[in-house]
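Input: a single structure, listed below in structure tokens.
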Amino acid sequence: MSRQAVTVIGLGPMGQAMASALRRADHPVTVWNRTASKAAALVTEGAVLAATPAEAVAANELVILSLTDYAAMYPILEQAGAALAGRVIVNLSSDTPERTREGAAWVTARGARHLTGGVQVPPPQVATPGAATFYSGPEEVLDAHRSTLEVLTSVDFRGADPGLAALYYQLTIDLFWTTLVGYVHMLAVAAPHDISARYLLPYAAPALAGMPYFLEFYGERIDAGDHRGDVDRLSMAEASLDHVVHTTRAAGVDPTLPAAVLDLVRRGVAAGHGSDSISSLMTVFRRPAS
């Protein structure tokens, strides 16, 4: 059975991983990148390097974009001109919900159809079990190309609004970056004490492995507007974070990160939530800082 031909534009780590996965699944692949040398390995795998964006778009109905952001899309696709008509543009570039809606409208106005995507895994995990991508846009368009897109990751459809996939992606990436930066900060504080990342891993990993319990516990209470301090209190968090800030300073490490969290907690206490749960910070986040 012949496989659907696909164009991949943008050959950073994610674009290369996706194009390579498609080739391994025997899909004919056309690629284009501003720096053509990045396509060398893919060409060895059997991909076709297009000379121009217009040639790349004209080659196939399904066109996957893997760019820095949506702003990078316009100067590339403008070169495609009339070739855009009838194409399906799957934009997997990261951006805000508002900008993805604007980009979808721009693509649609030129006779193409647009799907927004938010990939939930790093490049090495493309085409591996558990990998998933948020999609939004016309569901019938997604369904028509689902089998091809599922070569890359599973499909998680969020709705017709083109901004929804971007919104879900930014929500999860918010959690990802804040958690990862917290991990790096922990290692920075440990280093002056000659405690290595390798030594801390058996302690850090279980701490994060326990997070699903807290996510479910606090999530249910936040949805219910229940911030009672029967399990934890914001005043306890204030004292604990104060200790973290002092420990950080004593290690000669920048305390900006824990100090910012401490400031949020203190604002919650000042607003009368000292005896409430940490979930009461929802009220602080929703109120601009003075």
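The values are calculated or read from the model by the stated rules, or taken from the named source; none is laboratory data. None of these values were measured; they are calculated from a predicted model. When we count neighbours, we look across all protein chains shown, and the Cβ atoms used for this are built from the backbone with ideal geometry, even at glycine. Heavy atoms of the whole protein, side chains included, go into the accessibility calculation; ligands, DNA and RNA do not. Shrake-Rupley method; radii C 1.70, N 1.55, O 1.52, S 1.80 Å.
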The residue that is modelled with the lowest pLDDT, considering only those in the stretch 62-105 that are among the aliphatic types (A, V, I, L, M) and open to solvent by 50 Å² or more (accessible area, probe 1.4 Å), is Ala82
Out of the residues in the stretch 237-290 meeting the condition of being within 27 Å of the chain's Cα centre (by Cα), in contact (Cβ under 8 Å) with a residue 40 or more places away in the chain and crowded, with 19+ Cβ neighbours inside 10 Å, tell me which one is nearest to Gly219 (Cα to Cα).
Ser279
Filter the stretch 12-27 down to residues that are part of a helix (DSSP H, G or I) and of a type in the set (A, V, I, L, M) and give me whichever is surrounded by the fewest Cβ atoms within 10 Å (Cβ to Cβ).
Ala21
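Identify, please: which residue in the stretch 161-178 is open to solvent by less than 60 Å² (accessible area, probe 1.4 Å) and not acidic (Asp, Glu) and is, among those, farthest from Leu257 (Cα to Cα)?
Keep residues of the stretch 161-178 that are open to solvent by less than 60 Å² (accessible area, probe 1.4 Å), which gives 161-166, 169-170, 173.
Pick out the ones that are also not acidic (Asp, Glu) and you get 162-166, 169-170, 173.
Values: Pro162: 34, Gly163: 30, Leu164: 30, Ala165: 29, Ala166: 26, Tyr169: 23, Gln170: 20, Ile173: 18 Å.
Residue satisfying both the conditions and the ranking: Pro162.
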So which residues in the stretch 188-228 are more than 23 Å from Phe285 (Cβ to Cβ) and surrounded by 14 or more Cβ atoms within 10 Å (Cβ to Cβ)?
Ala188, Val189, Ala190, Ala191, Ile195, Leu200, Ala204
Please go through the stretch 148-198 and give me each residue that is in contact (Cβ under 8 Å) with a residue 60 or more places away in the chain, assigned to a helix (DSSP H, G or I), of a type outside the set (A, V, I, L, M, F, W, C) and under 30 Å from Met18 (Cβ atoms), ordered by number.
Thr148, Gly163, Tyr169, Gln170, Gly182
Residue list for the stretch 200-217, filter: part of a helix (DSSP H, G or I) and within 23 Å of the chain's Cα centre (by Cα):
Ala204, Ala205, Ala207, Leu208, Ala209, Met211, Pro212, Tyr213, Phe214, Leu215, Glu216
Hey, among the residues in the stretch 1-11 that are crowded, with 22+ Cβ neighbours inside 10 Å and among the aliphatic types (A, V, I, L, M), which one's farthest from Ile64 (Cα to Cα)?
Leu11
Report, by residue number, each residue of the stretch 35-61 that is of a type outside the set (S, T, N, Q), open to solvent by less than 60 Å² (accessible area, probe 1.4 Å) and closer than 29 Å to Pro138 by Cα.
Ala47, Ala50, Pro53, Ala54, Ala56, Val57, Ala58, Ala59
